[in-house]
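Before any comments, here is the structure.
A short reminder: the numbers here are calculations on the coordinates, not readings from a lab. Bear in mind the structure is a predicted one, so any value in this text is a computation, not a measurement. Neighbour counts are summed over all protein chains in view; Cβ atoms, including those assigned to glycine, are modelled from backbone coordinates with ideal geometry.
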Amino acid sequence: MARQAPVTHLLQRLTMTAYLALESTLISHGLPYPQNLETARRLEAIARESGAEPRTVAVINGQLRAGLTGEELECLASTAGVRKLSRRDLPIAVARGWTGATTVATTMWIAAQHGIRVFSTGGIGGVHRLQ
């Protein structure tokens, strides 16, 4: 279900690369276009400048993704009606092939499935513990 998980986890161990998961709700629901896309690209650049490899997290056509292409970032930023997905939505999103942005809780869970232990967010409305 989690695309790229084995590769990301293996690369972390072999290269000692620090991966940073970034939530995607900020892109689709937090800022207007094109500021949202510019912000997403800038956040990824800041992560790289700081020595981490950014992995923006989203669900793309029903696949749990940690790391998006430029085209996928553009889609999340510019498409009207992108879904905001929480953990409870994931089974339906996968089964129906949805594309959606991830909340803090969903980002944390998908990042963990990819072996990524640190994430950053634009803001939190509550505290979540991964169980």
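Cβ crowding within 10 Å ranks Trp98, Trp109 as Trp98, Trp109, fewest other Cβ atoms first.
Report the full-extension gain for the segment Ile92 to Ala18: residue separation times 0.36 nm, less the Cα-Cα distance, to one decimal in nm.
On the way: separation 74, 0.36 × 74 = 26.64 nm, distance 3.11 nm.
Using 0.36 nm per residue and subtracting the Cα-Cα distance, I get 23.5 nm.
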